[in-house]
Amino acid sequence: MRRLSWIVLLALPFVLPDASAQQNRPRRAPIELGPDDKPAVPAAPEGFDARRDDVPRGKIETVEYDSSTVGVKRKMRVYTPPGYDEKAPYPVLYLLHGIGGDEEEWERGGKVGVVMDNLLADKLATPMIVVMPNGRAQPNDRAEGDVFRHAKAFETFEGDLLKDVIPFIEKTYAVRKDREGRALAGLSMGGGQSLNFGLGHPDVFAWVGGFSSAPNTRPPDKLVTNPEEAAKLRLLWISCGDKDGLINISQRTHGYLKEKNVPHVWHVEPGGHDFAVWKDDLYHFAQRLFR
Ligand code: FER
């Protein structure tokens, strides 16, 4: 969906309270910032997302896999780093989009290729493969019509990711197959998915990030059923913009993790529900992976 129509859609519950009630969408809580709600790291430096002529470029390609979960062939985008070596096993970051997006959203809005190429050229990240699947696990996975009506398909994606996407990647690319070699992160609906699936499968992922996670995020006691197990993650990153109407979801998750002594990064940065924030998250999160 185009960004503008998306913004209009997000604003609907505020201007049309009846429509919001009819469509059964949760109302946003007013934004209240507490003492913990501040940046954990400085903003990315100027130019981190600008294409540079002097750096080697990775490649982004579309691959198609058979989804036993959805029963159709599905597409995803895969970034391989510059000089991709078919023998070296690379770690993998699975990177998930939002409710208005698809498998290309992170490239369009997040310039993932440019950000990764720059980080690698500056030796700020470990060479990795970045897999951008389509998290709307249903036969028509385009972001069409009322995207909120298809929120359920984002839940179904758990099976698609674990049973179809990951096995396909692991037989197609030179990648690591251990939990420490797999990271899962996403924005908004994809943030909720990443927290739900990542914390739900600590045997599969050791690095998990939720950027501006949406109300699909499980309630804390369902999300973190075993705090000791969650504490074994190599990285648990929770972030949100300080002007994002969904920040209460991330605040709730942070509060519970803190109460249960689960180590995590809680990063509240200036900004709203948009790619200025998510690009910055990618820049910071990617640097901390696979170290
Ligand atoms: C909601 C508000 C926002 C919701 C999902 C979103 C499922 C997702 C936003 C995004 O992905 O950007 O109430 O409910």
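With distances taken between every two different alpha-carbon atoms, region 133-291 has a Kirkwood hydrodynamic radius of 15.9 Å. Basic side chains Lys and Arg get +1 at the Cβ, acidic Asp and Glu get -1 at the Cβ, and with that the dipole of the chain about its Cα centre reaches some 240 debye. Within the listed set GLY271, GLY110, GLY34, the residue fluctuating most in the Gaussian network model of the chain (springs between alpha-carbon atoms under 10 angstrom) is GLY34. Listing TYR84, TYR79, TYR65, TYR94 from fewest to most neighbouring C-beta atoms within 10 Å gives TYR84, TYR65, TYR79, TYR94. For the chain, the 222 nm mean residue ellipticity estimated from helices alone, with every DSSP H stretch of n ≥ 4 adding -39500 (n - 2.57) and the total spread over all residues, rounds to -9000 deg cm²/dmol. Are any of the pairs LYS123/LYS177; LYS163/LYS222; LYS38/LYS222; LYS59/LYS163; LYS59/LYS222 more than 29 Å apart by Cα-Cα distance, and if so, which? Among LYS123/LYS177; LYS163/LYS222; LYS38/LYS222; LYS59/LYS163; LYS59/LYS222, the Cα-Cα distance tops 29 Å for LYS59/LYS222.
Distance between the C-alpha centres of region 196-213 and region 112-159: 14 Å, rounded to the whole angstrom.
Using all pairs of distinct alpha-carbon atoms, the Kirkwood hydrodynamic radius of region 56-177 works out to 14.9 angstrom. Build a GNM of the chain with springs between Cα atoms under 10 Å apart, and of ARG234, ARG52, ARG182 the one that fluctuates most is ARG52. Screening the chain for whole DSSP H helices of 15 Å or more along their axis (Cα) with average Kyte-Doolittle hydropathy at least 1.6 returns 3-15. Note that the chain, at 37 °C in a medium of 0.692 mPa s, gets a Stokes-Einstein diffusion coefficient of 172 µm²/s from its Kirkwood radius over C-alpha pairs.
Using a Gaussian network model on the chain with a 10 Å cutoff between Cα atoms, which of LYS163, LYS111, LYS87 fluctuates the most? Its mean-square fluctuation being the largest, the pick is LYS87.
Where a number appears in this text, it was derived from the coordinates with a stated rule and is not lab data. Values in this document were obtained by computation on a predicted structure and should not be read as measured data. Here Cβ is always computed from backbone atoms with ideal geometry, including for glycine, and neighbour counts include all displayed protein chains.
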